[in-house]
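Heads up, the thing below is written out as structure tokens.
The values are calculated or read from the model by the stated rules, or taken from the named source; none is laboratory data. Fair warning: this is a prediction, and the values are worked out from it, not measured in the lab. All Cβ positions, even for glycine, are placed from backbone atoms using ideal geometry, and neighbour counts span all protein chains on display. The accessibility values were calculated without ligands, DNA or RNA, using every heavy atom of the protein model including side chains. Shrake-Rupley method; radii C 1.70, N 1.55, O 1.52, S 1.80 Å.
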Amino acid sequence: MRKIWLDTDPGFDDWFAMLLLACNRDVEWLGTSVVAGNAPLDITLANALAIKHHYGLTTPLYAGCAQPLLGKRETAQGVLGVMGMRTTGEPLPAVEAAAPSPEHGVDMLIDTIRRHPGELSVLAIGPLTNIATAFIRDPSLATQLRELLLMGGSTGRGNHTPAAEFNIYADPEAAAVVFNSGVPLRMFGLNVCDQLLLTQREVGRVQQIANAAGTPQARWFAGYLDAYQRIRNRDGTVPMPLFDPIVPAYLRWPQLFKFMSARVDIELRGTFTRGMTVCNLRLPAGTAGNAEVALQVDGDSAMTLLLDEVARLLV
Ligand code: RIB
Ligand code: CA
């Protein structure tokens, strides 16, 4: 049983990733730390609590960092709306009584790494502020992790800027700390997310399943996927890459992925390139990189398996 910790900024796609983790019987999900990202921390935390409540998740949930290590806070609210979870279905209703556990998310991440040396896989699907803060507090933690699985960066295009992917752009100093920490790191960037595409066909299939199920969650899910289509265009003809769900998909079906060892550096000063993951995939023979970078996924097989999972989730 793989022990995991999730660090997340829910988050229109974080929601889907959390649900996929919740139904993976091969993982022991020890805790979740929430970070500012898609929206400010008070909103990502409210979203995380709503997801935990409505899906009956039992994993302890902790508030993490509200500000990046340096610079101003950047969110994706311009694209995703104030809640960071644009949907055309019913939004997740706020859960008044719910509150996170009182401890700070970084403290609990540090404590959990120390209690399970060499065993914990951390899934990072938001900006890396919490993870970097833990490594700054105790640099030895980086090599006590089994591995860090990151949705972030890209070997090619950006999304929040032409050069930078959002999770890295939102806290590039944190990303630099993590990529230079020596942590065993697997990077799932936009380049591989672009091979895991949600098209109207898949949305139609989930809508069909969802309507069949008819539960409120199903409507939220269908609404989420429908909204997901609308983020980029109004008629839903442009396929949408699935971002965060790619990490739980790797945990379930690693055989569908191909990786290459690379040296990845984070651009911190570029006027137009700040937050870019500069990936050197042509390392001299025998030279170790600092990340295993996902280059390929069998997207059709992965999407079919993911939607089969959705069907099980919704009914
Ligand atoms: O660039 C995609 C990433 O940014 C995803 O994790 C999404 O949730 C946002 O955080
Ligand atoms: Ca995210």
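Residues being hydrophobic (A, V, I, L, M, F, W, C), modelled with pLDDT of 95 or more and either open to solvent by 10 Å² or more (accessible area, probe 1.4 Å) or within 13 Å of ligand 2 (Cβ to nearest atom) (or both): count how many of those fall in the range 1-14.
1
Taking (1) open to solvent by 30 Å² or more (accessible area, probe 1.4 Å); (2) within 24 Å of F12 (Cα to Cα); (3) of a type in the set (V, I, T); (4) touching a residue at least 12 places away in the same chain (Cβ under 8 Å) in turn, V278 satisfies each apart from (2). Among the residues of the range 15-48, the ones that are more than 13 Å from ligand 2 (Cβ to nearest atom) and not in a helix (DSSP H, G or I) come to 10 in all. The set of residues in the range 138-192 being within 15 Å of the chain's Cα centre (by Cα), among the β-branched types (V, I, T) and more than 14 Å from ligand 1 (Cβ to nearest atom) is empty. Need pairs with beta-carbon distance below 6 Å; first residue open to solvent by less than 50 Å² (accessible area, probe 1.4 Å) and within the range 191-213, second modelled with pLDDT of 75 or more and β-branched (V, I, T); sequence gap 6+ or separate chains. Here the result reads N191/T155; V192/V297; C193/I246; L196/I246; L196/V297; V206/V310, each pair linking the range 191-213 to a residue that is modelled with pLDDT of 75 or more and β-branched (V, I, T).
Reported count of residues in the range 48-63, each being open to solvent by 10 Å² or more (accessible area, probe 1.4 Å) and in contact (Cβ under 8 Å) with a residue 12 or more places away in the chain, is 10. Answer yes if at least one residue in the range 127-149 is more than 27 Å from F179 (Cα to Cα) and either at pLDDT below 90 or of a type outside the set (A, V, I, L, M) (or both), and no otherwise. No, the range 127-149 contains no residue that is more than 27 Å from F179 (Cα to Cα) and either at pLDDT below 90 or of a type outside the set (A, V, I, L, M) (or both).
Hey, any hits in the range 51-68 for a residue that's at negative phi, within 14 Å of ligand 2 (Cβ to nearest atom) and part of a loop (DSSP other than H, G, I, E, B)? Scanning the range 51-68 turns up at least one residue that is at negative phi, within 14 Å of ligand 2 (Cβ to nearest atom) and part of a loop (DSSP other than H, G, I, E, B). The set of residues in the range 1-14 being in a loop (DSSP other than H, G, I, E, B) and over 25 Å from R115 (Cα atoms) consists of P10, G11, F12, D13. For the range 171-184, a residue qualifies if it is out of contact with any Ser or Thr (no Cβ under 6 Å at 6 or more places or on another chain) and open to solvent by less than 10 Å² (accessible area, probe 1.4 Å), and the qualifying residues are P172, A175, V178, F179, V183.
Only residues that are at pLDDT 70 or above and more than 15 Å from ligand 2 (Cβ to nearest atom): list them for the range 231-249, please. T237, V238, P239, listed by residue number.
Take R25 and decide whether it is touching a Lys or Arg at 6+ places or on another chain (Cβ under 8 Å), closer than 25 Å to A218 by Cβ and open to solvent by 20 Å² or more (accessible area, probe 1.4 Å). Answer is no for this residue.
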